[in-house]
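Written out below as structure tokens is the structure these notes cover.
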Amino acid sequence: MASRAKAKEDARARRIAEEQARAAAHAKARRMQRLGGVVILAIVAVAIAIAISSGNSSGGTGLLHGKALTQAETSVNTLLTGIPQSGDTLGNPNAPVTMTYFGDLECPVCQAFTLSGGFPQLVQNEVRQGKVKVVYSPFCTATCNSHPHTIFANQQIAALAAGQQNKFWNYVELFYHQQASETSNYVNENYLNALASEIPGLTLATWKAARSSQALSQQLASQEQSGTSQGITGTPTLIFSGPKGKAQPNTSIPSYSDLQSSLKQVQ
Amino acid sequence: MSRLIAPRVLWRAMLVINVLAIVLTVYLTYIHYQGISPVCSLGQACAKVQSSTWSKLAGVPVALIGLLGYISILGSLLLLGDREETRLATLGMTLIGFGFSAYLTYRELFSIHLICEECVTSFVFVTLLLIGSGIRYVQGPPTVVPPGEPEPDPELDAADKPSARVTAAR
């Protein structure tokens with residue numbers, strides 16, 4: 001009688017244990033299914049956020065055509081016409097204040113500063129009035145992140161070659177207007193030639209010959225060395241130099257008021 | 001299932017990290033709207049990163065998005081009870097926060113070429129919260145108590161609601 005009761009008790013315990021094991025396995029499977037669903041949702045949410053964020057910096061898809069190109073050319077010509085240029089310097093060579101602009105033509109933050117930050121207003125006002133001159137100092141950041149240095153040198157020397165005809169800033173502005181994703185290989189001979197052909201008054205044959213100039217290669221190397229020795233780590237870096245010393249805006253894409261604030265410190 | 005860490009201890013640690021993250025993002029949001037440069041031992045690096053193209057998402061400062069995210073995580077830890085669904089919600093939110101923070105850190109390193117201390121600190125916080133919420137979800141509630149074994153310590157597992165528990169009391 002006792003052994004029969006014990007057998008029943010044992011069977012009951014086994015049944016309970018089996019039920020618990022099944023329940024645990026079922027709960028674990030359900031938890032893992034839910035986890036998988038949440039992971040997929042999270043990946044989708046992050047991908048959407050990245051797509052929106054990357055859209056901030058796409059800056060176009062390379063060479064413009066038609067109406068968009070005409071608008072870009074008009075914008076550049078309107079900004080620069082009437083302002084003296086000499087090599088990589090924009091503005092009155094005797095201006096009391098110099099803003100040295102350490103930049104990289106493929107840098108999206110430089111593009112944002114040059115086209116929609118405080119730069120256009122500075123050019124329209126202080127540079128046009130002869131109070132400030134801007135000197136572009138090439139410093140490889142975004143380009144060297146995705147490409148060999150030769151690409152950086154090639155595009156920068158193309159701009160310096162335009163500078164020999166006092167069109168450096170036209171080239172730089174057109175480059176920023178038609179900048180594509182820094183990870184793509186959009187900078188090629190076709191691209192560089194197209195930018196040159198968009199500059200009114202630039203003699204293409206002279207520009208092409210100047211691109212192989214040893215002097216420009218040396219100038220580029222010297223400017224890069226200067227940036228390194230000054231401890232430049234990112235672009236754009238803007239250094240105002242004037243009678244009262246030096247000043248630097250502390251925002252990545254300085255607004256016009258940021259630039260004016262630095263300017264006042266050195267005037 | 002053996003536990004890596006006692007649920008109550010884990011929950012408290014996550015609360016502390018979350019509150020610190022909220023304090024940090026309140027500061028970053030405040031200086032963003034006030035136009036103040038952040039405290040930074042790396043010169044202007046923090047200011048440059050926090051005013052870069054990637055400092056906003058669809059026009060909203062990422063500092064504010066981070067703040068709202070951390071408040072939501074805090075809500076899932078405190079307000080809705082400790083159920084499987086809330087643990088999963090915490091894990092989902094920390095996963096999204098981790099993914100986007102990792103992308104922003106990539107941008108800092110490879111696009112802006114500068115590091116912002118506050119941003120890295122926030123990335124560390126969200127990484128710790130992700131690890132915590134992952135452990136919390138995988139460990140699950142105290143759940144199955146094998147026959148003959150004592151019930152879990154109610155003080156230790158106070159964060160786990162009895163409703164989520166499957167006892168052996170049949």
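The values are calculated or read from the model by the stated rules, or taken from the named source; none is laboratory data. Since we're looking at a predicted model, the values are computed, not measured. Cβ placement follows ideal geometry from the backbone for every residue including glycine, while neighbour counts extend to all protein chains displayed.
For this structure, a couple of remarks:
- Condition check for A:Tyr176 on (1) closer than 20 Å to A:Ala72 by Cβ; (2) within 14 Å of chain B (Cβ to nearest Cβ); (3) surrounded by fewer than 16 Cβ atoms within 10 Å (Cβ to Cβ): one failure, at (3).
- The set of residues in segment B:79-95 that are at the interface with chain A (Cβ under 8 Å from one of its Cβ atoms) and crowded, with 24+ Cβ neighbours inside 10 Å contains only B:Leu91.
- Within segment A:94-122, considering residues that are assigned to a loop (DSSP other than H, G, I, E, B) and farther than 21 Å from A:Ala247 by Cβ, the one farthest from the other protein chains (Cβ to nearest Cβ): A:Leu105
- Picking from residues in segment B:96-132 that are polar (S, T, N, Q) and more than 9 Å from chain A (Cβ to nearest Cβ), the one that is farthest from A:Thr251 (Cα to Cα) is B:Thr127.
- Which numbered condition A:Leu220 fails, given (1) within 14 Å of chain B (Cβ to nearest Cβ); (2) within 21 Å of A:Thr141 (Cβ to Cβ): (1)
- In segment A:141-151, of all residues being more than 10 Å from every other protein chain (Cβ to nearest Cβ) and surrounded by 17 or more Cβ atoms within 10 Å (Cβ to Cβ), the one that is farthest from A:Ala221 (Cα to Cα) corresponds to A:His147.
- Scan of segment A:109-126 for residues that are surrounded by 20 or more Cβ atoms within 10 Å (Cβ to Cβ), out of contact with any Ser or Thr (no Cβ under 7 Å at 6 or more places or on another chain) and of a type outside the set (Ser, Thr, Tyr), ordered by number: A:Gln111, A:Phe113, A:Phe119, A:Leu122, A:Val123, A:Glu126
- Pairing each residue of segment A:124-151 that is in contact (Cβ under 8 Å) with a residue 40 or more places away in the chain and among the polar types (S, T, N, Q) with any residue that is surrounded by 18 or more Cβ atoms within 10 Å (Cβ to Cβ) and part of a strand (DSSP E or B), provided the two are 6+ apart or on different chains, yields C-beta distances under 7 Å for A:Ser137/A:Thr100; A:Ser137/A:Tyr101; A:Ser137/A:Phe102.
Residues checked against (1) part of a helix (DSSP H, G or I); (2) over 10 Å from the mean Cα position of the chain (by Cα); (3) of a type outside the set (Lys, Arg):
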residue	(1), (2), (3)
B:Leu95	yes, no, yes
B:Ala102	yes, yes, yes
B:Arg107	yes, yes, no
B:Phe110	yes, yes, yes
B:Ile115	no, yes, yes
B:Glu118	yes, yes, yes
B:Val124	yes, no, yes
B:Leu128	yes, no, yes
B:Ile135	yes, yes, yes
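- Restricting the search to helices (runs of 4 or more DSSP H) fully inside segment A:152-267 and requiring at least 3 residues that are of a type in the set (Asp, Glu) and over 30 Å from B:Tyr106 (Cβ atoms) gives an empty result.
- Pair list, Cβ < 6 Å and 6+ apart or interchain, from segment A:216-231 residues that are surrounded by 13 or more Cβ atoms within 10 Å (Cβ to Cβ) to residues that are outside any helix (DSSP H, G or I) and aromatic (Phe, Trp, Tyr): A:Gly227/A:Phe102; A:Gly227/A:Phe139
For every residue, the table says whether it meets (1) farther than 21 Å from A:Ala45 by Cβ; (2) among the hydrophobic types (A, V, I, L, M, F, W, C); (3) part of a helix (DSSP H, G or I).
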| residue | (1), (2), (3) |
| --- | --- |
| B:Val16 | yes, yes, yes |
| B:His32 | yes, no, yes |
| B:Ser37 | yes, no, no |
| B:Leu64 | no, yes, yes |
| B:Leu88 | no, yes, yes |
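- Note on segment A:95-140: residues that are at pLDDT below 95 and aliphatic (A, V, I, L, M) total 3.
- Here A:Val109, A:Val76 are screened, and the one residue that is in contact with a Leu (Cβ under 8 Å, 6 or more places away or on another chain) and β-branched (Val, Ile, Thr) is A:Val76.
Conditions tested, residue by residue: (1) of a type in the set (Val, Ile, Thr); (2) under 25 Å from A:Ser53 (Cβ atoms); (3) at pLDDT below 90.
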{"residue": "B:Gly81", "(1), (2), (3)": "no, no, yes"}
{"residue": "B:Glu85", "(1), (2), (3)": "no, no, yes"}
{"residue": "B:His113", "(1), (2), (3)": "no, yes, yes"}
{"residue": "B:Cys119", "(1), (2), (3)": "no, yes, no"}
{"residue": "B:Pro141", "(1), (2), (3)": "no, no, yes"}
{"residue": "B:Pro154", "(1), (2), (3)": "no, no, yes"}
{"residue": "B:Ala164", "(1), (2), (3)": "no, no, yes"}
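- Count of segment A:233-267 residues, restricted to those that are under 18 Å from the mean Cα position of the chain (by Cα) and buried (at least 19 other Cβ atoms within 10 Å of the Cβ), is 12.
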